[in-house]
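S.K.: Quick one: the structure is below, and I'll ask about it shortly.
Just so it is clear, none of the values below were taken in a lab; they were calculated from the coordinates. This one's a predicted model, so the numbers in the text were calculated from it and none came from an experiment. Positions of Cβ are backbone-derived with ideal geometry, glycine not excepted, and every protein chain shown enters the neighbour counts.
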Amino acid sequence: MIEVDGLVKRFSKTVALDGIELAVPAGSVCALLGPNGAGKTTVVRILATLLRADAGTARVGGFDVASDPDRVRELIGLTGQFAAVDEALTGAENLLLIAKLRELPRREARRRVAELLDRFGLADVGGRLARTYSGGMRRRLDVAASLLGSPKVLFLDEPTTGLDPRSRADVWALIRGLVADGTTVLLTTQYLEEADRLADTISVIDRGRVIQAGTPFQLKARVGGQTLTVRPVEPARVRDTAEIVKRIAGAGPSGDTHGDVVSAVVPAGSDAAAMLAEVAAELRRAGISVGEIGVRLASLDEVFLALTAKELVA
Amino acid sequence: MSPARVVRHGAALAWRNLVKFRHTPDQLLDIMLMPVTFVVMFVFLFGNAVSGDWHAYLQFVIPGIAVQALMFVSLGTALSLNTDIRNGIYDRFRSMPIARSAPLIGHILGDSVKYVLAIVLVFALGLVLGFRIDAEAPAIAAAAGLMLAFAFAICWIATLIGVAARSAETVQALSLVLIFPLTFGSNIFVPTGKLPGWLQAWVKINPVTQLSDAIRGLLLGTPAYATIARSLLWTAGIVVVVAPLAVFTYRRRA
Ligand SMILES: Nc1ncnc2c1ncn2[C@@H]1O[C@H](COP(=O)(O)OP(=O)(O)OP(=O)(O)O)[C@@H](O)[C@H]1O
Ligand SMILES: [Mg+2]
């Protein structure tokens, strides 16, 4: 549904995008993940026909965003990074304006506006000027406005920044609902948890390039590897535990202790399960009783930090 | 895009301006503050000095102040358009399948109410103070038509400033740089003959002078066809030159 190939964008001297590749199948959610200034917003703006790329192609629903912007606009909804709400109108009027511009018949427009206000928990404040809304209410109104035309493709630039955990969960639920109805979603986020929860695929962007892409599971497995953690029951035995883990997992970065937990990265290529069994056996032999032991995938946070740090060094 | 759709989109955006106006009626104050101040200041403070008789002066000054009021309303048009373009809301409009010219049409259409209101309010104030119209309906209609046509023309100047300026401060500065020579370098307040000689050359060709004279003539029963023609010529000239420039600048920016 979204195909991006070799996208380049320069702002005078800054190279904002340096050959972005992206493919988002219809009905899936793709998360663009990246630090500040990575180029996320620039990608979204080009896809939403607001900005022209200097090189490369971008297609939405099969239409080229540069040569066929009107066809693309028929398909998309956009929630930009900064609220696009008219503060001098009420929430309901904001939505009604978009409905009018979308040329919905009057009755249909009324119905959709009421439905969206309700769905976003804004029914009670729909008659109030948006100026009096809290940041979270504004953001929800903004997302609601992008849904008015029932777009096939939805671009959400940091849709949950500034929302409290409850509203964030609401927006997540909404996005999942949309995807269930067949909408394709491209969202940008700085919250790894958000990408992990929502996205079918994640593209990690840094300095205008995609440095990793795949499912959340693939990314975690590919980069962070697995982590072995042990927590002895008696804090006094932490050091002994660390000795054992270090011996089995090998030297290097392994054998870190954080308070009463010992953790070690399982080296690539070694069998995590066998290692786990070996550590457990050694601990028993040494008479250390274990409170908690296990192997888990590195968190997306770890992956993200590992990736962007690597870029920094390279 | 079919013309019918362009009109629908423009109408939707004009609706937006009107709704805002309804929500914030204090905009009326913005429209009226300047004209009322000028009427009070000039009629009661300088009226006697300028023409020796404040009532005669009222007859002279009200049409000019109506023209000046239009100029100040246009400052509002430029500001709101400029704020809009720099706001995220324009990104949403531009990402939707609407005519690119719709936002401009919306602003001009939506603000037209304010221009009409400004004219009506200045004359209402004048009538309360003793301004007397001495003309038949056709002449009054012609005066109204001239003023509205001129409002349309300066609306385009405001649009150009609104789309070209990078900040609200620039809009203010540019507008005032334009408004002051046009209004104070005219015969709105002081008859051309009483102005310093070096200024008269400019005052005589100033479109604001032409329009003010044309309206005085029409409303006070002494229509002067030459000033009417020159005023129309100015109006048409401004529209022909500035409107394409504004649209061009807008397209490049948006
Ligand atoms: N209009 C512009 N003019 C000049 N430089 C720009 C412009 N827009 C973006 N940039 C630059 O392009 C780069 C990418 O910006 P972009 O806004 O796409 O980042 P982002 O990933 O969205 O960041 P954030 O997480 O902070 O929103 C940055 O270096 C930024 O300074
Ligand atoms: Mg951004």
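S.K.: Ranking B:Cys155, A:Cys30 by Cβ neighbours within 10 Å, fewest first, what do you get?
M.R.: A:Cys30, B:Cys155
S.K.: How far is helix A:91-101 tilted off the main Cα axis of chain A, in degrees rounded to 10, range 0 to 90?
M.R.: With both axes taken from Cα atoms, the answer is about 60 degrees.
S.K.: Taking just the alpha carbons, could you work out the radius of gyration and Dmax for the range B:3-253, both in angstroms?
M.R.: Over the range B:3-253's Cα set, Rg and Dmax evaluate to 18.7, 61 Å.
S.K.: Just to be sure I follow the definition: excluding the sites themselves, where is the longest run in chain A that has none of the trypsin sites (Lys or Arg not before Pro) in a DSSP loop with at most 12 other Cβ atoms within 10 Å?
M.R.: Formally, the longest exposed-site-free interval is A:53-314.
S.K.: Can I ask one more? At a temperature of 4 °C and a viscosity of 1.567 mPa s, determine how fast the range A:98-253 diffuses translationally according to Stokes-Einstein, using the Kirkwood radius over alpha-carbon pairs as Rh; express D in µm²/s, rounded to the nearest whole number.
M.R.: Translational D for this selection: 67 µm²/s.
S.K.: Still on this structure, please answer the following. Please compute, for the alpha-carbon atoms of the range B:101-169, the extent along each of the three principal axes and give them in descending order in Å.
M.R.: For the range B:101-169, the Cα extents along the three principal axes come out at 45, 25, 16 Å.
S.K.: Going by how many other Cβ atoms sit within 10 Å of their own, how do B:His107, B:His23 line up, fewest first?
M.R.: B:His23, B:His107
S.K.: Continuing with the same structure: Using only C-alpha positions, report the orientation-averaged shadow area of the convex hull of the protein assembly as shown, nm², one decimal.
M.R.: Across all orientations, the protein assembly as shown yields a mean hull projection of 34.8 nm².
S.K.: Can you divide the C-alpha Rg of the range B:1-151 by 2.2 N^0.38 Å and report the result to two decimal places?
M.R.: Relative to the rule-of-thumb radius for its length, the range B:1-151 sits at 1.26.
S.K.: So what is the 222 nm mean residue ellipticity for the protein assembly as shown from helices alone, if each DSSP H run of at least 4 adds -39500 (n - 2.57) and you divide by all residues, rounding to the nearest 500 deg cm²/dmol? Before the final figure, lay out each step's value.
M.R.: Values: 22 runs with 323 residues, N = 568.
Estimated from H runs of four or more residues: -18500 deg cm²/dmol.
S.K.: Please report the orientation-averaged projected area of chain A, defined via the convex hull of its C-alpha atoms, in nm².
M.R.: Details: hull surface 79.0 nm².
Taking the Cα atoms of chain A, their convex hull projects to 19.8 nm² on average.
S.K.: Over its Cα atoms, what ratio of radius of gyration to 2.2 N^0.38 Å does the range A:105-162 give?
M.R.: My calculation over the Cα atoms of the range A:105-162 gives 1.15.
S.K.: Here's another thing I want to ask about it. Kindly flag which residue pairs out of A:Lys13/B:Lys20; A:Lys9/A:Lys152; A:Lys100/A:Lys152; A:Lys13/A:Lys40; B:Lys20/B:Lys204 have an alpha-carbon separation exceeding 29 Å in this structure.
M.R.: Among A:Lys13/B:Lys20; A:Lys9/A:Lys152; A:Lys100/A:Lys152; A:Lys13/A:Lys40; B:Lys20/B:Lys204, the Cα-Cα distance tops 29 Å for A:Lys13/B:Lys20; B:Lys20/B:Lys204.
S.K.: Could you give the distance between the Cα centres of the range A:1-51 and the range A:93-126, to the whole Å?
M.R.: 30
S.K.: To continue, here is another question. Stokes-Einstein D for the range A:1-150 at 37 °C, 0.692 mPa s, Kirkwood Rh over Cα pairs, in µm²/s?
M.R.: 195
S.K.: Compute the angle between helix A:106-119 and the longest alpha-carbon principal axis of chain A, please, reported from 0 to 90 degrees and rounded to the nearest 10.
M.R.: Compared with the principal axis, the helix lies near 20 degrees.
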